[in-house]
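For reference, the structure discussed in these notes is given below.
The values are calculated or read from the model by the stated rules, or taken from the named source; none is laboratory data. These figures come from a predicted structure and were not determined experimentally. FYI the Cβ positions are ideal-geometry reconstructions off the backbone, even for glycines, and counts take in every protein chain you see. These accessible areas exclude ligands, DNA and RNA; they are computed on the full protein's heavy atoms, side chains included. Shrake-Rupley method; radii C 1.70, N 1.55, O 1.52, S 1.80 Å.
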Amino acid sequence: MRLKSLIRAALVAAVCTLGWLAASGRLAVAFAQQPKADTPTEGTPSVLPRPDFMFEGKVGKTYKDSDPPQFPQPVKAPKNAPNVVLILLDDTGFGQYSAFGGGIPSPTLDRLAANGLKYNRFHTTALCSPTRAALITGRNHHSAATGVITEAATGYDGYTCVLPRSCGTVGEVLRQNGYMTAWIGKNHNTPAWETSTAGPFDRWANGLGFDYFYGFNAGDMNHWDPVLYENRNLVPKSADPNYHMTEDLADKAIDWTRKVTSIAPDKPFFLYVAPGANHSPHHAPKEWIDKFKGQFDGGWDAYREATIARQKSMGVIPPETKLSARSEGLPAWNTLNDGQKKIYSRMMEVFAGYATNVDYHMGRVVDAVKQLPNADNTIFIYIVGDNGASAEGGLEGSLNENLFFNGFPEKWEENLEHIDEIGGPKWFNHFPSAWAHAMNTPFQWTKQVASHFGGTRNPMIISWPAKIKDKGGVRSQFLHVIDLVPTLYDAIGITPPEMLNGIQQKPIEGVSFLKSFTDKFSPETRKTQYFELLVNRGMYHDGWMASCRSFVPWAPVRGEFDPLTAKWELYNVDKDFSQSEDLAAKFPEKVRELESLFWKEAEKYNVLPLDWRAVERLNAELQGRPSLAGHRNKFVYYPGQIALPDGASPQVLNKSFSVTADIEIPDVGAEGMIFTHGGLTGGYGLYLRDGKAHFVYNMLAIERFTIASEPLPKGKVALNVNVAYDGKPGERGKSATVTITANGQKIGHGSLGKTVPLQFSLGEGVDVGIDTGSAVDFTYKLPFAFTGKIEKVTIDVQ
């Protein structure tokens, strides 16, 4: 009977595979590349899930004349399988933390490094969603359909941001091989249009192989008033007046790990912790910010000089490394006036407080795991950034990063007026681009710039007390984020599945570097690696790196560009650690060789077509991305509809629309939020207070237009706000006229001098009857629940 079940399972799998391959036109290729069908004698099955259990004993007429019953047993992980704790920080530079010579203390990183290994030639993709897709699948980001962030997806194979089922995640593979799995923190790998409570949920973290999820489904998040989910359930707003998201995420990681190891102490676990830091908003408790008062008054140029000196003395970079030139367009510190220095130094102090705070809380997670049984057999992997530090705050810094994503520059003079509020709940702040460049010492450029190491070279620390004995050692093999999954499979004893959940799997594109754990001089396993992000291109091969940059990362609006004629630079990175000496003029044939290799790799891994547009791609409607809202002009919502993400909300930008609320106001009056879309970074809301209706339009925190009505009648009221857009079709961000009526009678009127052109928010959408997440203005206290009765709210879009 056991043989029959195996044959049956194999036939089902074969039929599924042939059907998929025939439908996709890949049948011939698949047969040509098909691996051996036999399950390896060592490792785990190459087809997952395992076949259904079938009783192999004798079955008689009754239990009395049958063999003793047997139950299917839980899958066991390979013998001596280690626990795995994977920590991934956001937007962090190579020269930021003390563990790699930076000026921001990192005691957790320091402790792990002292008991493990520092990898100083580990590379990411230069942007968050792409790096995270590559990290959890072991495939290049374009192979995993994530060539850009989910909010900028386009309809080409490498850019849909819909993780292919042929790229199974490490969470799913470990789960089916006996591991308990959890994902805590940032999930930026679910398509934006699939993040509502209507699902589908198969690409939420739980659907990607993680038993437990606690975090947010967005690129960034307000740390004071976040929108969080526990598995699929919205987390209520905390009542703690000192709440901060980083601490909360660490608490949940510790709680989960303790619980599951108490319940199943013999099962290994895989804990993936991805805090929101160090991505904007740079939100930190005041006491953490105050630790750094005055420490950055010397400026970013002095910081770079001091950092490279520390890096050399620590041995984390070669002693002959040169400090790369200040990247094009960034000002020297000594050219700034006193006001600029004051605001920019403060922004860096805030960032430092934010950055050291997250390392502290990751330390709490590490320490908690080390107190558990079998702690020595735990692989701790601490990746210091999904890309380099971010320059998206612009040359003058930002109080609201969403201004960048809408194409608006900021002025330091205006920001200086709010210097004491930076880092607190009123702003979505980000430091200036030149500080990001300094955090990436000794390299050129920053996040987004995949052509240069300032965007892609991130520190990585690995500690495995049971196996790694070269404590404090440095490893300099050239690695890429796709190499981590095969290394874990190698360390655990797992065979990468060829078939997963009925889907033929793409080959793992990373290569294991496990030997480097025990051999400092183990040969490099990665000889070739392409890089591409927003047409910033790089091609590494056998110690040489060709680099071709497109646009500066702090320019949100980008013009025409010809990638076929763009200039390529050339670096011998085996000898030139920091890419400081361009050898393109000296070795033009090497440039041509690497450029040609890039185009071959680009075609192989779905990098084409190249697309250098920036903020235009963030508008889902302009790009034609799917939307649960569909092409309707009318939307009806009821009480209890909360935290509907922006990607599933009515698309009201650059057009006329109206909000009609059918409400009932008791004789004693009512107050509270009726309807809101967006929050701190941009949006609008309709609420009642003091017997009047108030319509507020948050113009990216630059200005908040508020229109109040005359007193409202009691009883049933049809409250309508009509927003008449003044722009013509195709014109973005123009003014609008607002009219408020109650039961058909005009009770309020006003104008909006300008409107949001591209997006309200990266994370917040629609609420009815309450305000989740952050407030659209600061005149009310969250959650500002409506105390009357709401029958329904109707949005009509013209």
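Remarks
- Out of Ala32, Ala13, sole residue that is open to solvent by 30 Å² or more (accessible area, probe 1.4 Å), over 30 Å from Val449 (Cβ atoms) and modelled with pLDDT under 95: Ala32
- Count of region 59-116 residues which are without any contact (Cβ under 8 Å) to a residue 24 or more places away in the chain and either over 30 Å from Phe577 (Cβ atoms) or open to solvent by 70 Å² or more (accessible area, probe 1.4 Å) (or both): 15
- Among residues of region 216-273, those that are touching a residue at least 60 places away in the same chain (Cβ under 8 Å), of a type in the set (S, T, N, Q), open to solvent by 10 Å² or more (accessible area, probe 1.4 Å) and farther than 17 Å from Ile379 by Cα, counted: 1
- Here Asp52 does not qualify as among the acidic types (Asp, Glu) and surrounded by 12 or more Cβ atoms within 10 Å (Cβ to Cβ).
- Verdict on Glu731 being in a strand (DSSP E or B), among the acidic types (Asp, Glu) and more than 30 Å from Glu194 (Cβ to Cβ): no
- Test: residue in region 145-162 that is within 13 Å of Pro645 (Cβ to Cβ) and in a helix (DSSP H, G or I): yes
- Scanning region 247-280 for residues that are of a type in the set (S, T, N, Q) and in contact with a strand residue (DSSP E or B) (Cβ under 9 Å, 6 or more places away or on another chain) yields Thr257, Thr261, Ser280.
- Of all residues in region 536-562, those satisfying the criterion of being surrounded by fewer than 22 Cβ atoms within 10 Å (Cβ to Cβ) and either within 30 Å of Asp470 (Cβ to Cβ) or basic (Lys, Arg) (or both) are His541, Asp542, Gly543, Trp544, Arg558.
- Residue within region 369-381 that is open to solvent by 10 Å² or more (accessible area, probe 1.4 Å), touching an Asp or Glu at 6+ places or on another chain (Cβ under 7 Å) and either at pLDDT below 95 or under 22 Å from Ala274 (Cβ atoms) (or both) present: no
- Residue count, region 329-376 (criterion: acidic (Asp, Glu), within 15 Å of Asp251 (Cα to Cα) and in contact with a Pro (Cβ under 9 Å, 6 or more places away or on another chain)): 1
- Odd one out for Val738, checked against (1) closer than 26 Å to Phe408 by Cα; (2) open to solvent by 10 Å² or more (accessible area, probe 1.4 Å); (3) in contact (Cβ under 8 Å) with a residue 40 or more places away in the chain: (2)
- The set of residues from region 315-342 being in a helix (DSSP H, G or I) and either open to solvent by 50 Å² or more (accessible area, probe 1.4 Å) or more than 30 Å from Ile419 (Cβ to Cβ) (or both) comprises Asn334, Thr335, Asp338, Lys341, Lys342.
Rundown of residues vs (1) within 22 Å of Ala99 (Cα to Cα); (2) aliphatic (A, V, I, L, M), yes/no style:
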position: Asp248; (1), (2): no, no
position: Asp255; (1), (2): no, no
position: Pro268; (1), (2): no, no
position: Ser313; (1), (2): yes, no
position: Ile317; (1), (2): yes, yes
position: Thr335; (1), (2): no, no
position: Ser345; (1), (2): no, no
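- Of all residues in region 546-568, those satisfying the criterion of being of a type outside the set (Gly, Ala, Ser) and without any contact (Cβ under 8 Å) to a residue 40 or more places away in the chain are Glu560, Asp562, Leu564, Thr565, Lys567, Trp568.
- The set of residues from region 408-447 being farther than 25 Å from Ala309 by Cβ and either open to solvent by less than 10 Å² (accessible area, probe 1.4 Å) or in a helix (DSSP H, G or I) (or both) comprises Trp412, Glu413, Glu414, Asn415, Leu416, Ile419, Asp420, Glu421, Ile422, Gly423, Asn429, His430.
- Residue match in region 700-720 (condition: open to solvent by less than 10 Å² (accessible area, probe 1.4 Å), in contact (Cβ under 8 Å) with a residue 40 or more places away in the chain and of a type outside the set (A, V, I, L, M)): no
- If the condition is being small (Gly, Ala, Ser), surrounded by fewer than 18 Cβ atoms within 10 Å (Cβ to Cβ) and part of a loop (DSSP other than H, G, I, E, B), then region 741-766 contributes Gly744, Gly753.
- Meets criteria (over 20 Å from Gln759 (Cβ atoms) and not hydroxyl-bearing (Ser, Thr, Tyr)) for Glu664: yes
Each row is one residue, and each column tells you yes or no for (1) more than 23 Å from Asp386 (Cβ to Cβ); (2) open to solvent by less than 10 Å² (accessible area, probe 1.4 Å).
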residue	(1), (2)
Phe478	no, yes
Pro486	no, no
Thr495	yes, no
Ile508	no, no
Leu514	no, no
Phe521	yes, no
Tyr530	no, yes
Leu534	no, no
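- Answer from Ala309, Ala302, Ala325 - the residue that is small (Gly, Ala, Ser) and in contact with a helix residue (DSSP H, G or I) (Cβ under 8 Å, 6 or more places away or on another chain): Ala302
- Breaking point among (1) part of a loop (DSSP other than H, G, I, E, B); (2) free of Cβ contacts under 8 Å to residues at least 24 places away in the same chain, for Pro497: (2)
- Check on Ala670, over 14 Å from Asp777 (Cβ atoms) and aliphatic (A, V, I, L, M): yes
- Any hit, region 502-510, residues being assigned to a loop (DSSP other than H, G, I, E, B) and on the phi > 0 side of the Ramachandran plot: yes
- Residue, surrounded by the most Cβ atoms within 10 Å (Cβ to Cβ), within region 577-614, restricted to residues that are farther than 25 Å from Phe122 by Cα and basic (Lys, Arg): Arg613
- Residue check for Leu395: in a loop (DSSP other than H, G, I, E, B) and either surrounded by fewer than 24 Cβ atoms within 10 Å (Cβ to Cβ) or hydrophobic (A, V, I, L, M, F, W, C) (or both): yes
- Residues of region 161-177 classified as polar (S, T, N, Q) and surrounded by 24 or more Cβ atoms within 10 Å (Cβ to Cβ), total: 2
- Scanning region 449-475 for residues that are within 25 Å of Arg326 (Cα to Cα) and open to solvent by 10 Å² or more (accessible area, probe 1.4 Å) yields nothing.
- Whichever residue in region 274-314 is among the charged types (D, E, K, R) and touching a Ser or Thr at 6+ places or on another chain (Cβ under 6 Å) and, among such residues, is most open to solvent (accessible area, probe 1.4 Å): Asp297
- Residue list for region 695-743, restricted to those being under 39 Å from the mean Cα position of the chain (by Cα) and farther than 22 Å from Val797 by Cβ: Ala701, Ile702, Glu703, Arg704, Thr706, Ala708
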